[in-house]
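Novice: Below: one structure in structure tokens.
The values are calculated or read from the model by the stated rules, or taken from the named source; none is laboratory data. Fair warning: this is a prediction, and the values are worked out from it, not measured in the lab. Neighbour counts run over all protein chains shown; Cβ positions are idealised from the backbone, glycine included. Calculation scope for accessible area: heavy atoms of the full protein, side chains included, ligands and nucleic acids excluded. Shrake-Rupley method; radii C 1.70, N 1.55, O 1.52, S 1.80 Å.
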Amino acid sequence: MLVRRLALSATCGAALAVAAIAPAHQQAAASAAPSAESLAQFAAGTDQGTAERGTAERGNTVSRAAERTAPPAVGQSAIPVREVTPAEPPAAPQPTAPAPTMAPAKAATPAKPKAPAQPALPVIPGLDIYQRENAQTIVDVGRAMGIDERGQIIAVATALQESRLYNLYVAVDHDSLGLFQQRPSTGWGTPAEITTPSYAARAFYNRLLDTTSDWGCLTCAAQRVQGSAFPDAYAAQEWLATTIVDAFYKN
């Protein structure tokens with residue numbers, strides 16, 4: 001019984017203690033809980049403080065930037081000047097090959113006038129082409145020198161007797177050469193000149209012109225020029241020589 005009273009007394013004491021403590025705790029919580037007005041004032045203060053701290057921080061940043069940037073010298077711009085690296089000079093232009101130019105068209109070269117065709121050699125019985133060519137040379141040189149047909153006949157007859165109208169390059173009597181067997185040792189010319197048909201014919205005519213009075217006698221005229229050991233032999237060639245010269249005039 002006593003025990004239950006003591007337990008009951010303890011329980012009641014504990015309840016009273018709790019009841020006493022609760023109002024005090026509620027009073028403390030009420031006093032600790034902030035009012036709406038105080039919260040608004042606290043928020044305003046907090047915002048103002050944050051703003052002041054932000055301004056201060058920006059001021060500090062500007063100050064630190066100002067400390068890092070040296071003030072410009074007197075007369076210089078405050079704008080910082082960037083150091084410009086000079087650009088590399090442009091490469092020299094490479095020479096280019098000149099464009100090919102069209103060569104001017106060459107003027108047409110006028111055609112050279114053709115030499116007049118030489119008349120065909122007449123056909124003379126008993127004479128080959130070489131003999132006819134040499135006979136033509138004797139006649140042509142006589143015409144160029146103004147020698148008439150009689151003088152040409154005397155020249156052709158003399159050449160027929162001396163060489164048969166062949167140009168002799170090898171001496172057959174002493175040093176006699178050419179169409180007329182003219183001798184270099186007696187002043188007719190050099191071997192090269194004497195063996196040139198046109199030269200030999202001209203040399204003969206030059207001396208024949210000194211015997212015009214004897215042209216009526218073929219043997220007489222030819223002998224005075226040639227000085228042959230057989231003077232009568234020339235007369236035997238007169239008929240053939242006349243036929244040859246007439247053939248060239250008729251051609």
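Novice: Of the peptides 127-137, 192-202, how do they stack up when ordered by the mean number of other Cβ atoms within 10 Å, highest first?
Specialist: On the way: 127-137: 17.2, 192-202: 19.5.
Ranking, from highest mean packing down: 192-202, 127-137.
Novice: State whether region 171-233 is rounded, prolate or oblate according to the following rule on the C-alpha gyration tensor (a ≥ b ≥ c being the square roots of its eigenvalues): a/c under 1.5 gives rounded; otherwise a/b larger than b/c gives prolate, and the remaining case gives oblate. Show your work: numbers first, answer last.
Specialist: Working: a/c = 2.41, a/b = 1.50, b/c = 1.61.
It is oblate, given that a/c is not under 1.5 and a/b is not larger than b/c.
Novice: Moving to a separate point now. Quote to one decimal, in nm, the extra length available between residue 150 and residue 111 on full extension: 0.36 nm per residue of separation minus the C-alpha distance between them.
Specialist: Details: separation 39, 0.36 × 39 = 14.04 nm, distance 4.14 nm.
Difference between extended and current length: 9.9 nm.
Novice: Per residue, what accessible area does region 170-251 have, given a 1.4 Å probe and all protein chains present, in Å²?
Specialist: Working: 4190 Å² over 82 residues.
Here the residues of region 170-251 average 51 Å² of exposed surface.
Novice: Enter the mean projected area of the convex hull around the alpha-carbon atoms of region 151-202, in nm², rounded to one decimal.
Specialist: 3.2 nm²
Novice: Given region 140-251 reduced to its alpha-carbon atoms as identical point scatterers, what log10 I(q)/I(0) does the Debye formula return at q = 0.12, 0.15, 0.18, 0.20 Å⁻¹?
Specialist: Scattering profile of region 140-251, log10 relative to I(0): -0.36, -0.58, -0.85, -1.06.
Novice: Can you compute the modelled spin-label distance between residue 121 and residue 166, with each label point 7 Å from Cα toward Cβ, in nm?
Specialist: With each label placed 7 Å out from Cα toward Cβ, I get 1.4 nm.
Novice: Given a 1.4 Å probe and heavy atoms of the protein chains only, how would you sort 214, 173, largest accessible area at the top? Mind dumping the intermediate values first?
Specialist: Values: 214 40, 173 75 Å².
The ranking, largest first, comes out as 173, 214.
Novice: Summarise the accessible area of region 175-233 (1.4 Å probe, protein heavy atoms) by the percent that is carbon and sulfur.
Specialist: On the way: 1450 of 2720 Å².
Of the solvent-accessible surface of region 175-233, carbon and sulfur hold 53 percent.
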